[in-house]
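The block underneath contains the structure these notes are about, expressed in structure tokens.
The values are calculated or read from the model by the stated rules, or taken from the named source; none is laboratory data. Keep in mind that what you see is a predicted model, and the values were worked out from it rather than measured. No Cβ is skipped: glycine too gets one built from the backbone with ideal geometry, and neighbour counts run over all protein chains shown.
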């Protein structure tokens, strides 16, 4: 298979490529659902959006393209699931693969953000807000995406 040349394939850790302004979209990748969050234009607040059901790459790409267009997002942040001890997990490799695919397929830069323990933190936040277990399971992926996005904002604002 021939490699596609693109300007959008730089190191995912290179935060110097983050556009100076505009919304950022974040994804918390799961095997069944993908959590989604968006910043406001000033990049102060990350807000959860409805999760995307994961079916195929083509449908996922179309959904993400649609969100980028609808919100005029200037960048995409994908959670990178390290294990608790910093080891690379199977989902770590899947996240890097999808990040590369997005970088080759989208017109916005793509970044990876360590997402260790975000799902646990997201569940805790939702329980503190009074959500029951059933509601929490429907909201946890996008709540985790807001944490990923907030952590990324903290990283670029250091």
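Answer yes if at least one residue in segment 37-59 is in a helix (DSSP H, G or I), at pLDDT below 90 and more than 17 Å from residue 145 (Cα to Cα), and no otherwise.
No: zero hits.
So, in segment 87-113, exactly how many residues are crowded, with 17+ Cβ neighbours inside 10 Å and in contact with a helix residue (DSSP H, G or I) (Cβ under 9 Å, 6 or more places away or on another chain)?
9
I'd like to check something: does segment 135-151 contain any residue that is modelled with pLDDT of 80 or more, within 12 Å of the chain's Cα centre (by Cα), surrounded by fewer than 21 Cβ atoms within 10 Å (Cβ to Cβ) and part of a helix (DSSP H, G or I)?
Yes.
Evaluate segment 68-77: report whether one residue or more is modelled with pLDDT under 85 and in a helix (DSSP H, G or I).
Taking every residue of segment 68-77 in turn, none turns out to be modelled with pLDDT under 85 and in a helix (DSSP H, G or I).
Check segment 122-133 and report whether any residue there is surrounded by 13 or more Cβ atoms within 10 Å (Cβ to Cβ), at pLDDT 80 or above and in contact with a helix residue (DSSP H, G or I) (Cβ under 6 Å, 6 or more places away or on another chain).
No, every residue in segment 122-133 fails to be surrounded by 13 or more Cβ atoms within 10 Å (Cβ to Cβ), at pLDDT 80 or above and in contact with a helix residue (DSSP H, G or I) (Cβ under 6 Å, 6 or more places away or on another chain).
Just need a number here: residues in segment 17-33 that are in a strand (DSSP E or B) and over 20 Å from residue 107 (Cβ atoms).
The qualifying residues number 2.
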